[in-house]
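Trainee: Sharing a structure with you now.
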Amino acid sequence: MATLTDEIAATAARMVVEEGLEYGPAKRRAARDLGRRSGWQGELPPNEQVEDEVRDYIALFCADTQPVELSALRRQAACWLERLVEFRPHLTGAVWRGTATRLSPIVIDLYCDDPKAPEIALLNLGLAFDSDSASGSETVVLTLTDRCPGLGGEPVTLHCVVRDHDELRGALKPDAQGRSWRGNLAALRQRIMETET
């Protein structure tokens, strides 16, 4: 029998796939939609549970379109990892984990000694971007839009999360199921090759 947590996970997964919501906002909205008040302190499902539901939802409703969209986003991400190589970029999020659709942002963690260096690099490339702090932390997120050739030139959102150089070691630990949370350009190319052959 499904628990409320299971229902929240399934509802959040639908929002992630159909609306492009991030997991946190999707879980909170799903809880509200299922009759929980905003101050509800019940247990929200972990991201891994929502991700499993996203995979199930994609398999059921998007199996004919999602693999092509994921491939296009991964190829676009590879271009950006090459452009930002001096900051030891690692792809993370749905594009890395294989659950991305055309609505998903490309999320790249940048590991550098100087937190201002990525902003300067983007400015030197003549790129327009927004700079914001991640909620509840001093981590800077640089957000820009790029056109994705593999999606017919549709715009995609790119989030570059500027992290301290020393955070990289801990960032490479796997999840509870042994899957990695992020990967560098070589690892991404390996995933592209494995899924497209």
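Trainee: Can you name every residue in the stretch 122-150 that is under 19 Å from G93 (Cβ atoms), in a loop (DSSP other than H, G, I, E, B) and not aromatic (F, W, Y)?
Mentor: A134, S135, G136, S137, T139
Trainee: Evaluate the following for D109: is it among the charged types (D, E, K, R), outside the structural domain of R14 (by TED's automatic domain parsing) and part of a strand (DSSP E or B)?
Mentor: So D109 fits the description; yes.
Trainee: Inspect all residues belonging to the stretch 77-87 and state whether any of them is touching a helix residue (DSSP H, G or I) at 6+ places or on another chain (Cβ under 9 Å) and free of Cβ contacts under 8 Å to residues at least 24 places away in the same chain.
Mentor: Scanning the stretch 77-87 turns up no residue that is touching a helix residue (DSSP H, G or I) at 6+ places or on another chain (Cβ under 9 Å) and free of Cβ contacts under 8 Å to residues at least 24 places away in the same chain.
Trainee: Return the residue satisfying two criteria in turn: it lies in the stretch 1-15 and is modelled with pLDDT of 90 or more and aliphatic (A, V, I, L, M), and of such residues it is farthest from N47 (Cα to Cα).
Mentor: This residue is M15.
Trainee: Now, a different point. Which condition from (1) in contact with a strand residue (DSSP E or B) (Cβ under 8 Å, 6 or more places away or on another chain); (2) part of a loop (DSSP other than H, G, I, E, B); (3) surrounded by fewer than 14 Cβ atoms within 10 Å (Cβ to Cβ) is the one that P115 breaks?
Mentor: Looking at each condition in turn, P115 falls short on (3).
Trainee: May I ask you to list the residues in the stretch 44-67 that are of a type in the set (V, I, T) and either touching a residue at least 60 places away in the same chain (Cβ under 8 Å) or closer than 15 Å to A9 by Cβ (or both)? Explain how you work it out, then say what you get.
Mentor: Pass one, the stretch 44-67, residues of a type in the set (V, I, T): 50, 54, 58, 65.
Hits for the stretch 44-67 are V50, V54, I58.
Trainee: Can you name the condition, by its number, that V54 falls short on among (1) touching a Ser or Thr at 6+ places or on another chain (Cβ under 8 Å); (2) outside the structural domain of E167 (by TED's automatic domain parsing); (3) modelled with pLDDT under 95?
Mentor: Going through (1) touching a Ser or Thr at 6+ places or on another chain (Cβ under 8 Å); (2) outside the structural domain of E167 (by TED's automatic domain parsing); (3) modelled with pLDDT under 95 one by one, V54 breaks only (3).
Trainee: Is it true that some residue in the stretch 32-52 is among the aliphatic types (A, V, I, L, M) and within 16 Å of the chain's Cα centre (by Cα)?
Mentor: yes
Trainee: If you go through the stretch 135-142 one residue at a time, do you hit one that is crowded, with 16+ Cβ neighbours inside 10 Å, modelled with pLDDT of 95 or more, in contact with a helix residue (DSSP H, G or I) (Cβ under 9 Å, 6 or more places away or on another chain) and assigned by TED's automatic domain parsing to the domain that holds S180?
Mentor: yes
Trainee: Report, by residue number, each residue of the stretch 151-168 that is more than 12 Å from R88 (Cα to Cα) and either loosely packed, with under 14 Cβ neighbours inside 10 Å or not hydroxyl-bearing (S, T, Y) (or both).
Mentor: L151, G152, G153, E154, P155, V156, L158, H159 - these are the residues of the stretch 151-168 that are more than 12 Å from R88 (Cα to Cα) and either loosely packed, with under 14 Cβ neighbours inside 10 Å or not hydroxyl-bearing (S, T, Y) (or both).
Trainee: In addition: If you scan the stretch 153-197, which residues turn out to be assigned to a loop (DSSP other than H, G, I, E, B) and either closer than 17 Å to T99 by Cα or touching a helix residue (DSSP H, G or I) at 6+ places or on another chain (Cβ under 9 Å) (or both)?
Mentor: Correct list: D175, A176, Q177, G178, R179, W181, N184.
Trainee: Of the numbered conditions (1) under 15 Å from the mean Cα position of the chain (by Cα); (2) modelled with pLDDT of 95 or more, G93 satisfies every one except a single condition; which is it?
Mentor: Condition (2) is where G93 drops out.
Trainee: Okay, moving on. Take D132 and decide whether it is over 16 Å from the mean Cα position of the chain (by Cα), acidic (D, E) and surrounded by fewer than 10 Cβ atoms within 10 Å (Cβ to Cβ).
Mentor: No; evaluated as a whole, the condition is false for this residue.
The values are calculated or read from the model by the stated rules, or taken from the named source; none is laboratory data. Note that the structure is a prediction, hence the values are computed from the model and not measured. Positions of Cβ are backbone-derived with ideal geometry, glycine not excepted, and every protein chain shown enters the neighbour counts.
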